[in-house]
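Structure first, commentary second.
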Amino acid sequence: MMNNISVVVGVLNASTFKEQCRPNARYFIRKRALTFPVMVAFLLNRLTKTLQVELDRFLKVLKGQIRKVRVSKQAFSQGRQTLSEKAFSLLNARLVDEC
């Protein structure tokens, strides 16, 4: 299980993976709360509560409790639209190859 997590982290942080999974080169270039790896990792989570509650909880765990990071549902929706569905099929293929 830990090996799978390290594979996912490695893939998400690879610049070539990001380039393949964004429809436009302008997407995910600025440093924001919802960076490319954060967006994909959040979408891989199983959501059990409302979107805003899950976003707040995820970012609190991810960014730590040093400062509060808040992302609106609208910002999440806009970020999700800039992500190609190809990211999940490529990530899945990579995990299957590793197993």
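General observations
- Checked against the criteria, E54 counts as surrounded by 11 or more Cβ atoms within 10 Å (Cβ to Cβ), over 23 Å from R22 (Cα atoms) and modelled with pLDDT of 90 or more.
- Scan of region 55-99 for residues that are in a loop (DSSP other than H, G, I, E, B) and among the aliphatic types (A, V, I, L, M), ordered by number: I66, V69, V71, L83
- Condition met for T50 (hydroxyl-bearing (S, T, Y) and either farther than 23 Å from N4 by Cα or touching a helix residue (DSSP H, G or I) at 6+ places or on another chain (Cβ under 7 Å) (or both)): yes
- Test: residue in region 84-91 that is under 12 Å from the mean Cα position of the chain (by Cα), at pLDDT below 85 and within 24 Å of V11 (Cβ to Cβ): no
- Within region 13-47, restricting attention to residues that are aromatic (F, W, Y) and part of a loop (DSSP other than H, G, I, E, B), the residue that is surrounded by the most Cβ atoms within 10 Å (Cβ to Cβ) is F28.
- Options L62, L47, L55: the member that is touching a residue at least 24 places away in the same chain (Cβ under 8 Å) and out of contact with any strand residue (DSSP E or B) (no Cβ under 9 Å at 6 or more places or on another chain): L62
- L62 meets the stated requirement of being in contact with a helix residue (DSSP H, G or I) (Cβ under 7 Å, 6 or more places away or on another chain), modelled with pLDDT under 85 and not hydroxyl-bearing (S, T, Y).
The values are calculated or read from the model by the stated rules, or taken from the named source; none is laboratory data. The model shown is predicted, which means the values in this text are computed figures rather than measured ones. With ideal geometry, Cβ positions are generated from the backbone for all residues, glycine too; neighbour counts draw on all protein chains shown.
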